[in-house]
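The values are calculated or read from the model by the stated rules, or taken from the named source; none is laboratory data. Just so it is clear, the model here is predicted, and its values are computed rather than measured. The protein model used for the area step is the full one, side chains on, heavy atoms only, and it has no ligands, DNA or RNA in it. Shrake-Rupley method; radii C 1.70, N 1.55, O 1.52, S 1.80 Å.
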Amino acid sequence: MLWKRCWIGVFLFCMLLSCCSGTALAADGQADMIYVTVKKGDTVYELARKYGTTVEKISDINHLTNPSLIRVGQILKILQKSIPAMEAEESSPSAVLVSSFPDLPRGQALGEFTLTAYTAGPESTGKKPGDPGFGITSSGERAEEGVTIAVDPRFIPIGSRVYIEGIGYRVAQDTGSAIKGKRIDVFMNDVHVARQFGVKKHVKVEIIQ
């Protein structure tokens, strides 16, 4: 009977040790993970800036196929960085579509730009579906969300690939009468999302070499 008692004691001790170890490991694994409840006016873009991460990473962790479509009360997992959180912009913009580009080398800093958004519709271009040139950029390429931006060619040459802080990689494919100096217009398909995007100031931009 003594050997049975010893065996039971050893078994219980191993079980207890296994449980404790599993709990510690889980806690360590979640040490940098935070959970954020989406509030009215929140966007993935602003949450990424606030917690020092990117739209792409939040989308990957939470399996968001369209980061523009988050809802109030939704809980998002965010990997908290050790770097200081960025201050939110004064405007209340909407999140932008994740860039379809693979990770590319970072390039030369161009300074800080002001960002707005536009569409192919009459509210931005004066053209409607069916009109000649509808959806066609000044470079001749068809405008594509997640790719196309309009720029001032004096500052960013047409055809250049750029990295925009908090948004990702884009291609300078278009121009606009109101896009002068250090200003970038981000192309979007949905006019409501474009309007919610608002105006973002002091956004760092790099041109890819």
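For the set 60, 42, the ranking by accessible area, highest first and with no ligand, DNA or RNA atoms included, is 60, 42 under a 1.4 Å probe. Rounded to two decimals, the Cα radius of gyration of segment 148-209 over 2.2 N^0.38 Å is 1.06. Partner lysines whose Cα lies under 29 Å from the Cα of residue 50, excluding those fewer than 8 positions away in the same chain, are identified as 39, 40, 77, 81, 180, 182, 200, 201, 204. Per the Debye formula on identical point scatterers at the alpha carbon atoms of segment 103-191, with no solvent, log10 I(q)/I(0) at q = 0.17, 0.26 Å⁻¹ is -0.66, -1.48. Its Cα gyration tensor gives segment 130-170 an equivalent ellipsoid. The semi-axes, each the square root of 5 times an eigenvalue, are 21, 13, 7 Å from largest down.
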